[in-house]
């Protein structure tokens with residue numbers, strides 16, 4: 001299930017947050033393009049995917065797809081490497097869809113880091129398959145085991161970064177943009193006492209309702225000051241009659 005309600009209103013704050021995430025992802029993409037490939041031709045750590053996964057968790061799949069399309073298109077234009085747009089965009093879209101499916105149906109039974117690892121492996125393999133088909137170089141399929149291994153390492157790094165962001169950025173920042181209360185967001189993304197990490201907003205509301213019911217019940221059971229006073233007057237009257 002998604003961490004934040006899919007029906008969150010499309011507000012100006014939300015557009016601003018998506019724009020910031022797009023800009024940060026684009027900057028990371030361009031900075032990473034300045035470094036040579038890792039071990040294999042074209043292999044990168046994919047640190048810009050930090051913001052893709054974060055967008056999937058906070059805003060939903062549509063916003064994440066917009067981010068990927070903007071990042072890959074502008075990134076290819078700015079770096080002057082439009083030839084990579086086809087397979088980088090395809091891989092990015094595929095990994096976002098996989099991430100969303102895992103967040104929607106598996107999370108929080110599996111951790112954010114595990115989701116990131118699966119997404120990174122799928123991204124690398126998809127990119128390699130598309131490249132082999134477009135360039136007609138089937139021998140590149142031999143790189144797939146190494147790309148999968150690199151995806152595991154990159155997924156761990158990206159997943160940890162997303163986990164760290166969700167734990168360190170002030171709750172009020174996310175809650176204000178997403179249109180939920182701070183308590184709802186805290187219940188949704190932070191570990192509970194039973195060890196479960198994250199839940200849907202619906203589950204968060206249910207937990208908050210149970211908490212409010214328990215509070216009201218404890219207040220109802222506690223005698224009010226007026227009741228205490230009546231009881232004391234009654235005891236005093238009984239003592240005087242005796």
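The values are calculated or read from the model by the stated rules, or taken from the named source; none is laboratory data. Note that this is a predicted model, so its numbers are computed, not measured. A quick note on method: Cβ atoms are made from the backbone with ideal geometry, for glycine too, and the neighbour counts reach across all protein chains shown.
Quick notes on this structure:
- Members of segment 77-109 that are within 18 Å of residue 153 (Cβ to Cβ) and modelled with pLDDT under 90: 91
- Tally of residues being at pLDDT below 80, assigned to a helix (DSSP H, G or I) and loosely packed, with under 15 Cβ neighbours inside 10 Å across segment 140-175: 2
- Qualifying residues in segment 129-149 (those that are in contact (Cβ under 8 Å) with a residue 40 or more places away in the chain and within 16 Å of residue 87 (Cβ to Cβ)) - the one nearest to the chain's Cα centre (by Cα): 147
- Positions within segment 103-116 being in a helix (DSSP H, G or I) and either surrounded by fewer than 21 Cβ atoms within 10 Å (Cβ to Cβ) or not assigned by TED's automatic domain parsing to the domain that holds residue 58 (or both), in sequence order: 104, 105, 113, 114
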